[in-house]
Amino acid sequence: MRPNFFHHLHPPTIAAAQARLRHTLGAGGAAIFLVLVLAITGTLELFYYIPTPENAATSVQIITYLVPFGGLIRSLHYWSAQWLLIVSAVHLLRVVFTGAYAPPRRFNYLLGLALFVLIMLLNFSGYILRWDQGITWLLVAGSGLLRAIPWIGEAFYYTLTGGAQIGGATLLHYFALHLFGLSLAAFILMGWHAFRVRRDGGIAAPPANIRAQAERITRSELVQREVLAMLLTGSALILLSVISPAPIAAPLKEIPVTLEQSAAPWFLLWLQEMLTWGNPLVWGLGFPLLILATLALIPYIFPQPSPKEIGSWFPPSNRAAQIALGLITLLIIVLSLVAYVR
């Protein structure tokens, strides 16, 4: 088969052992597919969405109930965003737990981590665009965290909300941030990240001279596997969207003073729980930034995985990095569960 554009996005051959689904978990390819679904469905939603406080929630209802297949398109967009967060987290875990961040992949690991942060921010801003009663915690507590930043917090808050208080300009600012700021940055980083994977030789594996298994597969076979995985992922996504439509709530008429009856979305429940501990500067900004810094420094301050163990699950040589990431993951899960059951 003559290689086409999609084939040239991959190295000519890759190690067969590291190309198996039980090694990659299909997370990287699934993430790219979900981004494409988000781009297509989000573009279709733009034909009917109106980014004003008076019309945003109503336009979402029109998309859901009146536009032909609008409910399906919106549900596909919503669930793709949720899955993308989960798949990206799984991908991060896989990279660390298989030592796939070792040189020359350290910089690409940082690109992937930055992309993961952007995906969280895109979910954050995407929730705000609904402008219904389900976004209260994000709108008030999430935006308000900026004010806890010393010296520059008020300026950031003013820029994001369009004034000293949340008001009419806030939604338009979030819309611009979501569409032209975060989305554009995410597409650039995703392309850069994929290019670096291609440049670094594909999936991380031990050097050829010490590799236990010499078998390799061609990029044609890899593309066939990826297409099959996309078909399966797309089918599951459509099924979920039909069975469980995206949530919708009554329009947000006024900004509440307290947050007693509101809750964070599932991916920020851990942050909501930490904010109950005290100072928002420490627990809402400082501690999450400490977690992010620890993750970013994994390729630099922790022992490097042995070359012969790269690409194998849980290599003993990078046990410290595995423990650090495992503890961070466990902490976030436990805090999320505590906040959920409150």
Give the average over all directions of the projected area of the C-alpha convex hull of the chain, one decimal, in nm². 18.7 nm²
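Full extension from TRP277 to TRP313: what is 0.36 nm times the residue separation minus their Cα-Cα distance, to one decimal in nm? Don't jump to the answer; show the numbers that get you there.
Details: separation 36, 0.36 × 36 = 12.96 nm, distance 3.63 nm.
Gain on stretching TRP277 to TRP313: 9.3 nm.
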Could you give the length gained on full extension between VAL90 and ALA39, defined as 0.36 nm per residue of separation minus the Cα-Cα distance, in nm? 16.2 nm
For the range 66-111 and the range 269-291, compute the distance between their C-alpha centroids and round to whole Å. 24 Å
On Cα atoms only, tilt of 106-128 relative to the major axis of the chain in degrees: 30 degrees
What ranking do TYR340, TYR109 get, fewest neighbouring Cβ atoms within 10 angstrom at the top? TYR340, TYR109
Along the positive direction of the dipole of the range 5-257 (beta-carbon charges: Lys, Arg +1; Asp, Glu -1; about the Cα centre), which of LEU121, LEU85, THR159 reaches farthest? LEU85
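Relative contact order for the range 214-342 using alpha-carbon pairs under 8 Å, separation at least 6, rounded to a whole percent? Provide the component values of the computation, followed by the final result.
Working: 55 pairs, mean separation 35.3, N = 129.
For the range 214-342, the relative contact order is 27 percent.
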Rounded to 0.05, the calculated FRET efficiency for the beta carbons of LEU184 and LEU121 at R₀ = 22 Å is 0.95
Amide H contacts under 5 Å for ARG216, placed H, 5+ residues apart: ALA16
Using only Cα atoms, tell me the angle between helix 183-199 and the longest principal axis of the chain; keep it within 0 to 90° and round to the nearest 10. 0 degrees
Estimated vicinal HN-Hα couplings, Hz - the range 27-43 in sequence order (Karplus 6.51, -1.76, 1.60; Gly, Pro = x): 5, x, x, 5, 5, 5, 4, 5, 5, 5, 4, 4, 5, 5, 5, x, 5
Let me know the charge dipole size of the range 5-257 about its Cα centre in debye, to the nearest 20, where only the beta-carbon of Lys, Arg (+1) and Asp, Glu (-1) is charged. 940 debye
What nm value, rounded to one decimal, do you get for the distance between SER306 and ALA249 when each label is placed 7 Å out toward the C-beta? 5.3 nm
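Rule-based calculations on the coordinates, nothing more; no lab input. This structure is a prediction, so every number in the text was calculated from the model and none was measured. Heads up, the Cβs are rebuilt from the backbone with ideal geometry, glycines too, and the neighbour counts pull from every protein chain shown.
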